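Down below is the structure, laid out as structure tokens.
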Amino acid sequence: MNITLEGKVAVVTGAKQGIGKSIAIALAEAGAKVVVSDLAQEDCEEVAKQIGGVGISCDVSKQSEVKELFSKTVSEFGGLDILVNNAGVYPFNSFTEMTEEDWDKVMDINVKGVFLCTKEAVKVINMGGRVINISSIASFIGFEGLTHYCASKGALNSMIRPLALELAGRGITVNGVAPGAIKTPGTADMDSGELIPLIPLKRMGEPEEIANMVTFLASDLANYITGQTIIIDGGWTLK
């Protein structure tokens, strides 16, 4: 069954590369008009050019820039139907050496950024809209050196359920996707030889496999799904 998002308008944060870029491409291929957002305008425009979308730079941790992102989106396309909160960081810091600045940076982008973007989005999002948060299996299992990241993604999952309840009256669904080990520039330095034995399907995932789920959740095929976090990890968290 083909998924169509013809006539829909989507904003994807953190979309210059990896999972975010794959999501932007998949939504555009399904017919959506896509706003590609990331820190640098040049990066945004490069991806936007590939998919016939619009690039708008934004630091999701800054309210003024987030307001401008959604104002420009509405000015450009006349509305909003889909928000994909993908922007996130995961710097490795041992807990004993982690500084307050390390903690704040992760929380500002991974949690506050989702709060700010979602708050602005729901002001303009159409009836039947979609909010989709990119979480992580780090919200379900622990990873050494990523205490702040694990905490941030756990908070993200907890935001999904009450927000889904609050927005249900407008037909807006709120869901999350929690990837496991995915081949992206951010995981390029990881030792796949150590990772693969942890994954029952014996391979890392592709960014497109996350994008496929996001596209499904953004479509009418997922009208009756809300408040859920869907794990895509090759079976890692089954162990």
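What follows draws every value from the coordinates through simple rules; no lab data is involved. Nothing here was measured: the structure is a model prediction, and the numbers come from that model. Cβ: placed from backbone, ideal geometry, glycine included. Neighbour counts: every protein chain shown.
For region 21-50, filtering for residues that are assigned to a helix (DSSP H, G or I) and in contact with a strand residue (DSSP E or B) (Cβ under 6 Å, 6 or more places away or on another chain) leaves 8. The set of residues in region 152-176 being without any contact (Cβ under 8 Å) to a residue 12 or more places away in the chain and either crowded, with 20+ Cβ neighbours inside 10 Å or among the small types (Gly, Ala, Ser) (or both) consists of Ser158, Gly169.
Considering only region 177-195, I want to know if a residue exists there that is surrounded by 15 or more Cβ atoms within 10 Å (Cβ to Cβ), within 13 Å of the chain's Cα centre (by Cα), part of a helix (DSSP H, G or I) and touching a residue at least 24 places away in the same chain (Cβ under 8 Å). No, region 177-195 contains no residue that is surrounded by 15 or more Cβ atoms within 10 Å (Cβ to Cβ), within 13 Å of the chain's Cα centre (by Cα), part of a helix (DSSP H, G or I) and touching a residue at least 24 places away in the same chain (Cβ under 8 Å). Among the numbered conditions (1) at negative phi; (2) surrounded by fewer than 16 Cβ atoms within 10 Å (Cβ to Cβ); (3) in a loop (DSSP other than H, G, I, E, B), tell me where Gly7 comes up short. For Gly7, the failing item is (1).
Taking the conditions (1) touching a strand residue (DSSP E or B) at 6+ places or on another chain (Cβ under 8 Å); (2) in a helix (DSSP H, G or I); (3) among the β-branched types (Val, Ile, Thr) in turn, Val174 satisfies each one other than (2). Among the residues of region 81-93, just one is within 17 Å of Arg130 (Cβ to Cβ) and surrounded by fewer than 24 Cβ atoms within 10 Å (Cβ to Cβ), namely Asp81. I'd like to verify a number: residues in region 196-239 that are over 16 Å from the mean Cα position of the chain (by Cα), aromatic (Phe, Trp, Tyr) and crowded, with 16+ Cβ neighbours inside 10 Å, how many? Number satisfying all stated conditions: 1.
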